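For reference, the structure is listed below as structure tokens.
The values are calculated or read from the model by the stated rules, or taken from the named source; none is laboratory data. The shown structure was predicted, so the numbers you read here are calculated from the model rather than taken from an experiment. With ideal geometry, Cβ positions are generated from the backbone for all residues, glycine too; neighbour counts draw on all protein chains shown.
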Amino acid sequence: MATVVGAVTSSHVPAIGRAIAKNLQQDPYWKPFFDGYPPAQAWLAQAKPDVAVIFYNDHGLNFFLDKLPTFAVGAAPEYRNADEGWGIPTVQPFTGDPALSWHLIESLVADEFDITMCQEMLVDHAATLPMALLWPGGGKCPVCIVPIAMNHVQHPLPSPKRCFRLGQAVGRALDAWNADARVVVIGTGGLSHQLDGKRAGFINKPFDLMCMDAMVDNPEKLARYSTLDIIREAGAQGTELMAWIAARGALTGRVTRIHSNYHVPISNTATGMMVLQNDAQPIQARAA
Ligand code: DHB
Ligand code: FE
């Protein structure tokens, strides 16, 4: 059976791509941010995932406002990146895992999530930058990916509760996946930020830190917020927190925090990252 080793959540600000390209990891502005990642890289080196399921939001590279699915699951053999106009180098294509994609799609639809299935899909900075932070060096990514794009761009957005339920459905599907594979779940975006309007630059550190604590042992608390609550507390683009909530939903075992980092600001964003380990529980305990 497949093993879900845990989840890694991370911000995905485009400027990170420029900083990587210019090797600014030790620059005083960037160091407190990049210092968050070596412990995650070390944990991944010993957790040895074969495949990453990535919850993220597409920002207009693959989907645009004319056609925008609420949830879309990649089912491609390969996922290319392309220029989004942020001035960051494009990365090498990621290898897909169509067998896992179709297992997830079948399981999610059976679970009444009417997702869009994508046999071709470009992945934007929200998928590529966290992967570059977790597997640095610029070479071919050593794990396969299954991207799950969520709409955090055009209202109405799916609710935090719905995103949590999607994550739980993915977690059930992964637990039931009849493959000898190790899976890491990744959730990208956030934390608090607002890029436009009267509250541009808005950041809410107490709310972010509360969310990071709740991610460990009380994700239901996050799932109870409404979309408007999250916009009020975390800014208009802080709704990307929902990708973290989905990733946490996919962990069905006993969850422990291995590492986390929080740093304000990078560009307009309060950046956060977490490594959550998932240890399987006996079936009886899970059902209780
Ligand atoms: C920024 C943050 C994002 O999450 C994003 O997708 C684009 C830009 C920023 O802070 O610059
Ligand atoms: Fe974003």
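Quick one: how many residues across region 190-210 are within 16 Å of ligand 2 (Cβ to nearest atom), hydrophobic (A, V, I, L, M, F, W, C) and either touching a helix residue (DSSP H, G or I) at 6+ places or on another chain (Cβ under 6 Å) or modelled with pLDDT under 95 (or both)? Matching residues across region 190-210 total 2. Counting only helices (runs of 4 or more DSSP H) that fall entirely inside region 1-98 and contain at least 3 residues that are away from ligand 1 (no atom under 16 Å from the Cβ) and under 18 Å from Cys141 (Cβ atoms), the qualifying elements are 38-47. Among the helices (runs of 4 or more DSSP H) confined to region 210-288, the ones with at least 3 residues that are surrounded by fewer than 17 Cβ atoms within 10 Å (Cβ to Cβ) and away from ligand 1 (no atom under 16 Å from the Cβ) are located at 227-234, 283-287. Annotation: of all residues in region 271-283 being of a type in the set (A, V, I, L, M) and over 16 Å from Pro130 (Cβ atoms), the one that is farthest from ligand 2 (Cβ to nearest atom) is Ile283. The condition of being assigned to a helix (DSSP H, G or I) and over 22 Å from Pro14 (Cβ atoms) holds for only one of Glu106, Glu120, that being Glu106. When the residues of region 146-168 are filtered to those that are among the aliphatic types (A, V, I, L, M) and surrounded by fewer than 24 Cβ atoms within 10 Å (Cβ to Cβ), the one that is modelled with the highest pLDDT is Leu157.
Listed residues Val123, Val146; which is in contact with a Gly (Cβ under 9 Å, 6 or more places away or on another chain), over 19 Å from Thr269 (Cα atoms) and away from ligand 2 (no atom under 16 Å from the Cβ)?
When all the criteria are applied, what remains is Val146.
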